[in-house]
Amino acid sequence: MQKAVKNQWSSRWMFILAATGSAVGLGNIWKFPYITGENGGGAFVLVYLLCVALIGIPVMMAEIMLGRRGGGSPINTMRVLAKEAKRHPIWGLLGWMGMLAGIIILSYYSVIAGWTLAYIPLMASDHFHGMDAQAVADTFDAFTGNPWWLLLCHTAIIFLTLMVVAKGVCGLEKAVRFLMPALFLILLILDGYAYSRGAFSQGLDFLFASDFSKLSANSVLIAMGHAFFTLSLGMGAIMVYGAYLPKEVSITQVSITIAAADTLVALLAGIAIFPIVFANGLPADSGPGLIFTTLPLAFSHMAGGAVFGSLFFVLLLFAALTSTISLVEPAVAWLGESKGMSRKNAAILCGIFSWALGLLTVFSFNKLSDVKPLFDKTFFDIFDYLAANILLPLGGLAIAVFAAWSLDHHMRHDELNTQHDWFVCWLFVLRYITPIAIFIIFLHAIGIFA
Ligand code: PHE
């Protein structure tokens, strides 16, 4: 067995909170609405929901199971389990790919989390008071157009992430317990505002009425990639959290709870944003700035908007931080186990890599906004596309294949320890539906069937 991990979650709830903390973040509140806007709405949302159910939940169960069984960083977990199942050590590569994906995602994620940080004082000082949609958008453009601001905020986020990571997972437990429910509440308040003052039915129509003519093969790939991204799957974050999970906890239950909470937060965010978008005649497909140009508008017209607005961005910042720390956890755990590095030094090393790579994202919104090295995409777009739509689904595919086909049956059965019917159903989906779906979506996206 792998060297025992020092950290352990104090209870099932703590694991759920921490894994939900990893899952719920900018992916739900920033990314989900803007990619839904860019990909035409309802049909995209439906594909995303299907991907969560048929790919996300089974892969999450597999990833937690592998993590708990292996008990170490993803690289070592995969090596240990491959050995136990008498398979080739090449499976360790999955851990390497996950570490790489984590560093890439952190590099741009922290830039966006930096925007959130910058919006806290703007909201608190009632900066947007009385502004119209154009003025709010101009503020956003002026902010992102200034590389120094973005650099400062990006650096601050990396720094904050390192401070938490260096302390170990336990420090985190306490924070998530209060922050998650608070974020949830404030989203409900925003939904209430959207209901009373926004173009509510138009917003809901956009989100839930499926028009498949708007759905391209690439949109389907993005929906699947987002299912992985939003649930933090395919790169080892959930695997390494699973390593800290006590034996008696039901993996099925926790997976379904996490996926449900994550999906709910994304939908609540969408329900808040699109009615505001349509009520103000804004374009739904305005890209990564979407929440930063719509929500300040809502808060500025709301009683107590400065308080709610700043609270919202504080909570979003915390939600982002509970995700950034999970992005480096696979690498930090591995550097500790295999290289004997302290958590602090390991965290600093990962932070430096992500910070440096993040400079390309910082400049993607200003100095390098016209530089589009691949497929007419900026560096930021390339990193996001590569990590979310390619690396994570590939990692998920490998996890599904390994857990469903390579692991000994008794190991699976033992570790999952769930009702027989559930087990059979899960194994069937993970063996056939999940890998085939991922494969077909990939083939479609590269135009094989076109
Ligand atoms: N799930 C996080 C979010 O939605 C992002 C993330 C991706 C975190 C992959 C860890 C691993 O914001």
Report task. Among the candidates Leu183, Leu187, single out the residue that is within 16 Å of the ligand (Cβ to nearest atom), modelled with pLDDT under 90 and either open to solvent by less than 40 Å² (accessible area, probe 1.4 Å) or at negative phi (or both). Result -> Leu183
**Report entry** Which listed residue is touching a Phe, Trp or Tyr at 6+ places or on another chain (Cβ under 6 Å) and either within 25 Å of Gly71 (Cα to Cα) or without any contact (Cβ under 8 Å) to a residue 12 or more places away in the chain (or both), from Leu392, Leu407
**Finding:** Leu392
Query raised in the report: Which number in (1) modelled with pLDDT under 95; (2) under 20 Å from Met60 (Cβ atoms); (3) surrounded by 18 or more Cβ atoms within 10 Å (Cβ to Cβ) marks the one condition that Asn417 misses?
Result: (3)
Report summary line: Scanning region 73-122 for residues that are surrounded by fewer than 22 Cβ atoms within 10 Å (Cβ to Cβ), of a type in the set (Phe, Trp, Tyr) and at pLDDT 95 or above gives none
Query - helices (runs of 4 or more DSSP H) within region 1-119 that include 3 or more residues hydrophobic (A, V, I, L, M, F, W, C) and within 16 Å of the ligand (Cβ to nearest atom) - result: 12-23, 42-51, 57-70
Query raised in the report: Residue check, Phe128 against (1) open to solvent by less than 20 Å² (accessible area, probe 1.4 Å); (2) touching a Lys or Arg at 6+ places or on another chain (Cβ under 8 Å), all met but one. Which one?
Result: (2)
Query raised in the report: Which residues, counting only those in region 253-271, are open to solvent by 10 Å² or more (accessible area, probe 1.4 Å) and either out of contact with any Leu (no Cβ under 8 Å at 6 or more places or on another chain) or over 30 Å from Phe292 (Cβ atoms) (or both)?
Result: Gln253, Ile256, Thr257, Ala260, Ala261, Leu264
**Report entry** Any hit, region 260-278, residues being among the β-branched types (Val, Ile, Thr) and either more than 17 Å from Gly37 (Cβ to Cβ) or without any contact (Cβ under 8 Å) to a residue 60 or more places away in the chain (or both)
**Finding:** yes
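The values are calculated or read from the model by the stated rules, or taken from the named source; none is laboratory data. This is a predicted model, so every value here is computed, not measured. Glycine gets a Cβ as well: all are built from the backbone with ideal geometry, and neighbour counts include every protein chain shown. Ligands, DNA and RNA are excluded from the accessible area calculation, which covers all protein heavy atoms including side chains. Shrake-Rupley method; radii C 1.70, N 1.55, O 1.52, S 1.80 Å.
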